[in-house]
Structures are given as structure tokens and as C-alpha cells.
Amino acid sequence: MRIERVKPSGPEPRVVDPISMSDQDLYSEVIRFTSLPQRTKDIAKQFVRDVMGNRPYVTIHWRFDRSDWMSSCNRHEAFDYWLELCGRITRMNHIDISTTMYHAVAADSNATIIKDVYVASPTSQYHLMKLIKRELAKKNITLHYGVGPAQTHVYEVRAL
């Protein structure tokens, strides 16, 4: 799903009905009430400029580690379709994931050539991210992941 980070114009709604709203409109309303601090925005812009060379990019929020979203797979009250999804995810390897990412980036790019992908991932997933990075490099896509490159960049910015 492609979501643009666009703050809505106009007055605040009295009621937000997420069921009747498009994903884009709902996300837009979320942004209205949860904007990032300016310092965070500045660091992100510097990272995109300095590390990604201001090239178009895609971001992914990686939630498939056992201590996050995947912890729900261990709940006994999980629905059958949820358990099936958990099984499919746990059977995927780095090649499956990198292929899926590649096709998602190609489909989402609307003729824009995307050569950078940033994955916000926990440190527990760094080994997997390293394997995915190697596979995407074969397709001429650079994977940036975790807090590693971004965190290093934050420290460098603070040192200035």
C-alpha cells in the first residue's frame, strides 16, 4: 500500500470514521495529530540527503520479529487465518523477502526508478537484513536498515 505523508487541510473533523475513510485519508488525519518534532524531521532529511543522495526511496517498517508483531502468533486465542499468516511469514527466507520487496518497489514506483529502500528494523533482525541487502544489491537496489546507518548519522549530526 502506498501512503503519502500529507497533512490534511481544513478544520479538524469533529468525528473520524475510519471505516468509511480511504487509507490515504485516514493516514492523513493521523498525521494531523501526530506530527514529528522538527529535530527528527531535520535528521531524517539529512540522512536522505547524505546517505541516499536525495534519490527517491521506499521505507518499510519491519515488524516481523518475535518480540513485536510475531509475538501474537504464540497466543492460543489467535484466529485460524492469523495462524496461517504467521506460518507463511515464518516460512519465508531472505530470498523470498527480497524478491517480494523488489516487486513491491517496482510496482509502487510509478515509473520512478527506486534504487534505495530503508527498512526500520530492530537489531534482532540485522542478520536477516544483511542477507536481504545482499540479494537486493544483485538487482541494483541499496537496502539501508535498522538504526545502524540512521543512528550513526544522528551521532555525527550531534557532533557538528
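Quick note: the coordinates plus some simple rules give every number you see, no bench work behind them. These numbers come from a predicted model, not from an experiment. No Cβ is skipped: glycine too gets one built from the backbone with ideal geometry, and neighbour counts run over all protein chains shown.
Structural remarks
- Interchain or long-range residues, amide H under 5 Å from His144's placed H: Val117, Tyr118, Val119
- Of the trypsin sites (Lys or Arg not before Pro) in segment 22-83, those whose Cβ has at most 14 other Cβ within 10 Å and which sit in DSSP loop: Arg63, Arg66, Arg75
- Where GluC sites (Glu not before Pro) fall in DSSP loop in segment 1-103, at most 11 other Cβ within 10 Å: Glu4, Glu77
- Euclidean distance of C-alpha centroids, segment 41-61 and segment 83-108, integer Å: 24 Å
- Backbone HN-Hα couplings from phi across segment 53-63 [Karplus 6.51/-1.76/1.60, Hz, Gly and Pro as x]: x, 6, 6, x, 8, 10, 10, 10, 9, 7, 10
- Taking a straight Cα-Cα cut-off under 22 Å and skipping sequence neighbours fewer than 8 places away in the same chain, the lysines within cross-link reach of Lys130 are Lys115, Lys138, Lys139.
- Amide N proximity, segment 119-140 versus Cys73 label position 7 Å along Cα-to-Cβ, cut-off under 19 Å: 120-132
- Karplus-derived 3J(HN,Hα), 6.51/-1.76/1.60, for each residue of segment 24-30, Hz, glycine and proline x: 4, 5, 5, 4, 4, 5, 4
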